[in-house]
Amino acid sequence: MQKKIYVLDASAIIGGFYSKSNANFTTGEVILEIKDLKSSLLLQSAIEDGFIIVEEPENEDIEKTNEIIEKSGDILRLSEVDQNLIALALKLKRKGYDPVVVTDDYSMQNTLKTINMTYRSVLTEGIKEIYNWVKICKGCKKKYPSDYSFEDCEICGSPVFKKRIKIKK
Ligand SMILES: [Zn+2]
């Protein structure tokens, strides 16, 4: 199976998206687009910690991207930064990765659809909620993991009940 990686545009970085279980790539140009202090600081530490890797597309990928978007007419709607980010995604695909481009930009998504490149938006998944179970004591409210195998609280002896909780990811 090909290794899934994320390719981040500025909207992804500003939205605070990066995966900790998969590698995240972006270009130096995208980084220059990040102006606000909070995003810059987050980005900087993500790069230092090795979560975000800065890489540039090669000429052949840029040429291929230009060819595609000239044909589709998207060349008018995409900035050069966007075009080069798509080229980076093509390069990573060429290197054997399975890239997912993370962007909220509609023109980008449109072009990515045209070239069968996987993409996702920042916000829809960014606020995805994951459900989990915990067990809570009716008496002292102590929380136990969902696999706590006793029916009574080990502190106060009251019954323990199961509760579904939301975890924001
Ligand atoms: Zn208790």
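The values are calculated or read from the model by the stated rules, or taken from the named source; none is laboratory data. Bear in mind the structure is a predicted one, so any value in this text is a computation, not a measurement. Here Cβ is always computed from backbone atoms with ideal geometry, including for glycine, and neighbour counts include all displayed protein chains. The area values use the complete protein model at the heavy-atom level, side chains included, leaving out ligands, DNA and RNA. Shrake-Rupley method; radii C 1.70, N 1.55, O 1.52, S 1.80 Å.
So which of Leu42, Leu8, Leu76 ends up being out of contact with any helix residue (DSSP H, G or I) (no Cβ under 6 Å at 6 or more places or on another chain), free of Cβ contacts under 8 Å to residues at least 60 places away in the same chain and within 18 Å of Leu123 (Cβ to Cβ)? Spell out the reasoning first.
Working: Leu8 fails: free of Cβ contacts under 8 Å to residues at least 60 places away in the same chain; Leu76 fails: within 18 Å of Leu123 (Cβ to Cβ).
Exactly one of Leu42, Leu8, Leu76 is out of contact with any helix residue (DSSP H, G or I) (no Cβ under 6 Å at 6 or more places or on another chain), free of Cβ contacts under 8 Å to residues at least 60 places away in the same chain and within 18 Å of Leu123 (Cβ to Cβ), namely Leu42.
Tell me whether the range 7-18 contains one or more residues that are at pLDDT 90 or above, open to solvent by less than 80 Å² (accessible area, probe 1.4 Å), under 15 Å from Pro57 (Cα atoms) and not in a strand (DSSP E or B).
yes
Taking the range 61-106 as the search range and keeping residues that are basic (Lys, Arg) and part of a helix (DSSP H, G or I), which one is nearest to Tyr6 (Cα to Cα)?
The first filter runs over the range 61-106 and keeps only residues basic (Lys, Arg), leaving 64, 71, 77, 91, 93-95.
So of that shortlist, the ones also part of a helix (DSSP H, G or I) come out as 64, 71, 91, 93-94.
Values: Lys64: 20, Lys71: 26, Lys91: 13, Lys93: 11, Arg94: 15 Å.
Per the stated criteria, the residue is Lys93.
Give the range 117-132 a look and list any residue that's modelled with pLDDT of 90 or more and open to solvent by 30 Å² or more (accessible area, probe 1.4 Å), or say none.
Residues of the range 117-132 modelled with pLDDT of 90 or more: 117-120.
Within the range 117-132, Thr118, Tyr119, Arg120 meet the criteria.
With respect to the numbered conditions (1) at pLDDT below 95; (2) crowded, with 21+ Cβ neighbours inside 10 Å; (3) not charged (D, E, K, R), which one is the sole condition not fulfilled by Gln44?
In the conditions (1) at pLDDT below 95; (2) crowded, with 21+ Cβ neighbours inside 10 Å; (3) not charged (D, E, K, R), Gln44 misses (2) alone.
Could you please give the count of residues in the range 151-165 that are within 8 Å of Ile136 (Cα to Cα) and more than 8 Å from the ligand (Cβ to nearest atom)?
Residues of the range 151-165 within 8 Å of Ile136 (Cα to Cα): 160-163.
In the following step, the residues that additionally are more than 8 Å from the ligand (Cβ to nearest atom) were identified as 161-163.
Residues flagged as within 8 Å of Ile136 (Cα to Cα) and more than 8 Å from the ligand (Cβ to nearest atom) within the range 151-165 amount to 3.
Restricting to the range 133-150, what's the tally of residues that are assigned to a loop (DSSP other than H, G, I, E, B) and either open to solvent by 60 Å² or more (accessible area, probe 1.4 Å) or within 12 Å of the ligand (Cβ to nearest atom) (or both)?
Final tally of qualifying residues: 9.
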